[in-house]
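Visitor: Can you keep this structure in mind? I'll have questions shortly.
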Amino acid sequence: MSRQEKIKINNIPAILYGSASDKLYLYVHGKQSRKEEAEHFANIAKKSGYQVLSFDLPEHGERISEPYPCSVQNGVRDLKEIYSFIKDKHKSISLYACSLGAYFSLLACRDIKFDKCLFLSPILDMERLIQNMMKWSSISEEELKERGEHETSFGETLSWDYYEYVRNNPVGKWDSPTFILYGENDNLTERCVLDSFAIQNGCTVDVMPGGEHYFHTKEQLEYLDNWLTVIK
């Protein structure tokens, strides 16, 4: 088990894993996860001399009851706060981000050059994903704009404000060396979106045959652990 220290960064609950080091991974979890999910990754990263800093996104972990929604605006704001806290404390900073956490990172950290980035099942085009969700819910842009919000049958709340922000703030050029692990059957990020992003930004992509967006089975987690050898 990695050494760990619970801290608060501008009231954002966080955990710092590992012994003092010049090398740090910033860990950004995905939806329905929490900062403690970083422990397994931290146990792998410490073998290569890294500390790992993980924090709770809005409405996750210790923040589940806070009146501070997990909107793209708040996610980006918090990530900028976290990066400001760590940027002068380590000589080498890398990024590990999963799903929604990867999307927030692409917006919040677009002007930052990380030593290395690891993306697991990243959301790369949120505008397209929301449009797909509107199709699945049989709701038009005009109806969503009029209602403001729409509860879907698959547990997501579509928000016009969120959608408008996403349209006005597209993911731009990403200059950090990036490795992506993607499940062949990912139902949130289409393969054409992944391929376009990878080509545009020179990413190295590993596609797990039969894999899903959410890596959770024994086989998927073993595949993930083998992929994480890129940490070195």
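The values are calculated or read from the model by the stated rules, or taken from the named source; none is laboratory data. No experiment lies behind these values; they were computed from the predicted model shown. With ideal geometry, Cβ positions are generated from the backbone for all residues, glycine too; neighbour counts draw on all protein chains shown. The protein model used for the area step is the full one, side chains on, heavy atoms only, and it has no ligands, DNA or RNA in it. Shrake-Rupley method; radii C 1.70, N 1.55, O 1.52, S 1.80 Å.
Residue by residue, here is whether (1) farther than 19 Å from S94 by Cα; (2) at pLDDT below 95; (3) hydrophobic (A, V, I, L, M, F, W, C); (4) out of contact with any Cys (no Cβ under 9 Å at 6 or more places or on another chain) holds:
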residue: R191; (1), (2), (3), (4): yes, no, no, yes
residue: S196; (1), (2), (3), (4): yes, no, no, yes
residue: N201; (1), (2), (3), (4): no, no, no, yes
residue: G210; (1), (2), (3), (4): yes, no, no, yes
residue: I231; (1), (2), (3), (4): no, yes, yes, yes
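Visitor: Among the candidates S84, S105, single out the residue that is under 15 Å from K173 (Cα atoms), at pLDDT 95 or above, among the polar types (S, T, N, Q) and assigned to a helix (DSSP H, G or I).
Guide: S105
Visitor: Taking the stretch 152-198 as the region of interest, how many residues are aromatic (F, W, Y), in contact (Cβ under 8 Å) with a residue 40 or more places away in the chain and open to solvent by 70 Å² or more (accessible area, probe 1.4 Å)? Show your work before the answer.
Guide: So the first thing to find is which residues in the stretch 152-198 are aromatic (F, W, Y), and the list is 154, 160, 162-163, 165, 174, 179, 182, 197.
So of that shortlist, the ones also in contact (Cβ under 8 Å) with a residue 40 or more places away in the chain come out as 162, 165, 174, 179, 182, 197.
Applying the additional criterion that residues be open to solvent by 70 Å² or more (accessible area, probe 1.4 Å) yields none.
Residues flagged as aromatic (F, W, Y), in contact (Cβ under 8 Å) with a residue 40 or more places away in the chain and open to solvent by 70 Å² or more (accessible area, probe 1.4 Å) within the stretch 152-198 amount to 0.
Visitor: What is the number of the single condition among (1) of a type outside the set (G, A, S); (2) in contact with a helix residue (DSSP H, G or I) (Cβ under 7 Å, 6 or more places away or on another chain); (3) assigned to a helix (DSSP H, G or I); (4) open to solvent by less than 10 Å² (accessible area, probe 1.4 Å) that E127 does not meet?
Guide: Looking at each condition in turn, E127 falls short on (4).
Visitor: Something else: Would you tally the residues in the stretch 207-218 being among the charged types (D, E, K, R) and surrounded by 12 or more Cβ atoms within 10 Å (Cβ to Cβ)?
Guide: Residues in the stretch 207-218 being among the charged types (D, E, K, R) and surrounded by 12 or more Cβ atoms within 10 Å (Cβ to Cβ): 1 in total.
Visitor: Out of I139, I64, which single residue is open to solvent by 60 Å² or more (accessible area, probe 1.4 Å), over 20 Å from Q4 (Cβ atoms), β-branched (V, I, T) and out of contact with any Phe, Trp or Tyr (no Cβ under 7 Å at 6 or more places or on another chain)?
Guide: Unique residue meeting the criteria: I64.
Visitor: Now, a different point. Only one of (1) closer than 28 Å to N169 by Cα; (2) assigned to a strand (DSSP E or B); (3) open to solvent by 10 Å² or more (accessible area, probe 1.4 Å) fails for E5. Which number is that?
Guide: That leaves (1) as the condition not met.
Visitor: Related question: Can you tell me which of S21, S94 is open to solvent by less than 50 Å² (accessible area, probe 1.4 Å) and either of a type in the set (V, I, T) or in a loop (DSSP other than H, G, I, E, B) (or both)?
Guide: S21
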